[in-house]
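The values are calculated or read from the model by the stated rules, or taken from the named source; none is laboratory data. Note that the structure is predicted; figures quoted are calculated from it, not measured. Virtual Cβ from ideal backbone geometry, glycine too; neighbours counted across all protein chains shown. Please note that ligands, DNA and RNA were not included when accessible areas were found on the heavy atoms of the full protein model with its side chains. Shrake-Rupley method; radii C 1.70, N 1.55, O 1.52, S 1.80 Å.
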Amino acid sequence: MTNQDNGSWAVILILILVFLLPIGWMLVFYSAEPYHVVSGEPLRDAAQAAGIKVVSATDSTWPVPGATGGKTYTLSDEDGNIYIVQSQSFDSAASRDAAIQLYNAQSVGRGRPVGKLFIIGNHLVYVTPYTSEILKRIAPELQKLKTA
């Protein structure tokens, strides 16, 4: 092997470390949201606590393994703005986390809409767009439900 070959391998190794090291640190230091069964409709509760009107709620089940059902909510604020927000419950922490990984694996604009996932026990709550005013109002209420 020549010095040029050794240099190429060193560059490849450094590139691998640059990309994999942060991911490894996140896996080690990021604590997953504990899985626990949350009764009722956490999204409805959060919306009502934030002063947002629930216009309608329809049953829906996401096409992912372990999804046990949820609701698609139409919400309205006092200005008459309409928002669609979804909630889905899962049968296990593994299936809930697999759905999160599937969502994160999609590139924005290539199968993944611009939104934000919230984890509330056995539920995932999906708000789109993530810059909406409703998210700013519901997020604190959803955070309260995490600790309840």
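Numbers for the structure displayed
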{"read-out": "Accessible surface, 1.4 Å probe, highest first, among residues 123, 36", "value": "36, 123"}
{"read-out": "Label-point separation in nm, residue 16 to residue 94, each point 7 Å along Cα→Cβ", "value": "2.9"}
{"read-out": "Spherically averaged projected area of the stretch 31-77 from its Cα convex hull (nm²)", "value": "4.5"}
{"read-out": "Scattering curve values for the stretch 51-102, log₁₀ I(q)/I(0), Debye with Cα scatterers, q = 0.13 Å⁻¹", "value": "-0.39"}
{"read-out": "Heavy-atom accessible area order for 145, 13, largest first, 1.4 Å probe", "value": "13, 145"}
{"read-out": "Exposure ranking of 119, 138 by accessible area [1.4 Å probe, largest first]", "value": "119, 138"}
{"read-out": "Residues whose placed amide H lies under 5 Å from that of residue 62, excluding near-sequence neighbours", "value": "69"}
{"read-out": "Added length on full extension, which subtracts the Cα-Cα distance from 0.36 nm per residue, residue 84 to residue 72", "value": "3.6 nm"}
